[in-house]
Amino acid sequence: MTDYMWSYQPTSGHLAGTDLTGYKVEATDGGIGKVDKHSDEVGDAYLVVDTGVWIFGKEVLLPASTVVRIDPEDKKLFVDRTKEQIKNAPEFHRDKHLGDAGYREELGTYYGTGAPFGGRPA
């Protein structure tokens with residue numbers, strides 16, 4: 001797992017210190033929810049997305065590197081994964097996983113270069 005996974009892409013338009021809470025999150029094939037919490041910490045940036053009714057009120061953790069574009073005017077951000085890829089990510093529980101290095105590693109493998117298009121390695 002690299003720092004890149006947990007950093008915003010330079011082309012995303014992310015400005016450090018910007019509050020992304022409440023921004024709508026768009027996958028490549030449609031909306032998945034809203035940002036409930038996020039971190040700008042260098043090498044540890046992420047989004048916690050409340051998926052609402054889309055996957056029964058669950059939250060998902062997305063590494064910052066999945067963000068390809070931020071639209072501050074419309075309060076939307078766009079990620080480079082499909083709804084299915086996000087839905088199939090390792091299950092996230094805020095109380096258990098936010099500070100868990102093992103979970104971060106598992107998520108890094110899932111979304112990272114170790115697997116094609118963010119899927120689990122075969």
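The values are calculated or read from the model by the stated rules, or taken from the named source; none is laboratory data. This is a predicted model, so every value here is computed, not measured. Here the Cβ is made from the backbone with ideal geometry for all residues, glycine too, and neighbour counts use every protein chain on show. Keep in mind that these areas ignore ligands, DNA and RNA; they rest on the heavy atoms of the full protein, side chains included. Shrake-Rupley method; radii C 1.70, N 1.55, O 1.52, S 1.80 Å.
Points to keep in mind about this one:
- Residue within the range 83-95 that is free of Cβ contacts under 8 Å to residues at least 60 places away in the same chain, within 12 Å of LEU47 (Cα to Cα), over 11 Å from the mean Cα position of the chain (by Cα) and in a helix (DSSP H, G or I) present: yes
- Selected residue (criterion: least open to solvent (accessible area, probe 1.4 Å)) from residues of the range 76-115 that are closer than 14 Å to VAL49 by Cα and of a type in the set (D, E, K, R): ARG81
- ARG69 vs. criteria open to solvent by 50 Å² or more (accessible area, probe 1.4 Å) and free of Cβ contacts under 8 Å to residues at least 60 places away in the same chain: yes
- Being surrounded by 13 or more Cβ atoms within 10 Å (Cβ to Cβ), outside any helix (DSSP H, G or I) and in contact (Cβ under 8 Å) with a residue 12 or more places away in the chain is a property that holds for LEU47.
- For the range 51-60, the condition of being at pLDDT below 95, under 21 Å from TYR8 (Cβ atoms) and not in a loop (DSSP other than H, G, I, E, B) holds for at least one residue.
- Candidate set: the range 2-16, residues that are surrounded by 10 or more Cβ atoms within 10 Å (Cβ to Cβ) and part of a loop (DSSP other than H, G, I, E, B); chosen: the one modelled with the lowest pLDDT: THR2
- Just so you know, in the range 17-43 the residues that are loosely packed, with under 15 Cβ neighbours inside 10 Å, without any contact (Cβ under 8 Å) to a residue 40 or more places away in the chain and assigned to a loop (DSSP other than H, G, I, E, B) include one that is farthest from the chain's Cα centre (by Cα), and it is GLY17.
- Any hit, the range 95-112, residues being of a type in the set (Asp, Glu) and within 15 Å of LEU20 (Cβ to Cβ): no
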